[in-house]
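The values are calculated or read from the model by the stated rules, or taken from the named source; none is laboratory data. In this text, all values refer to a predicted model and were calculated from it rather than measured experimentally. Cβ placement follows ideal geometry from the backbone for every residue including glycine, while neighbour counts extend to all protein chains displayed. For accessibility, only protein heavy atoms count, side chains too; no ligands or nucleic acids. Shrake-Rupley method; radii C 1.70, N 1.55, O 1.52, S 1.80 Å.
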Amino acid sequence: DPNTSVAIVTEIRNNISLKKEDVIQLIAPMLPPQLKIDLKNPTLVVFVTVFKSVCGMSVLENYYQKKKFNLVTL
């Protein structure tokens, strides 16, 4: 969809060697060029979480609209 926007959100805990900017610089060139960058209200969010030496990554729709909800209650 030409109106699709994207943002990269990182969460790094208990890891002093990896920086948020490094993660974004690594992932951003891999995104399709037709996606628009929107940091306020993106359609898709590439969510990267790092805890100690373990990394997880997912692509989430409407992240900012749903992040305040408890998944168990939904």
Looking for something open to solvent by less than 40 Å² (accessible area, probe 1.4 Å), modelled with pLDDT of 95 or more and either among the small types (G, A, S) or part of a loop (DSSP other than H, G, I, E, B) (or both) - is there at least one such residue anywhere in the stretch 12-19?
no
Give the stretch 37-56 a look and list any residue that's closer than 12 Å to I8 by Cα and surrounded by 13 or more Cβ atoms within 10 Å (Cβ to Cβ), or say none.
D38, P42, T43, L44, V45, V46, F47, V48, T49
Tally the residues that are open to solvent by 90 Å² or more (accessible area, probe 1.4 Å) and of a type outside the set (D, E, K, R), restricting the search to the stretch 20-36.
6
Can you report the number of residues in the stretch 32-74 which are in a loop (DSSP other than H, G, I, E, B), under 12 Å from the mean Cα position of the chain (by Cα) and hydrophobic (A, V, I, L, M, F, W, C)?
1
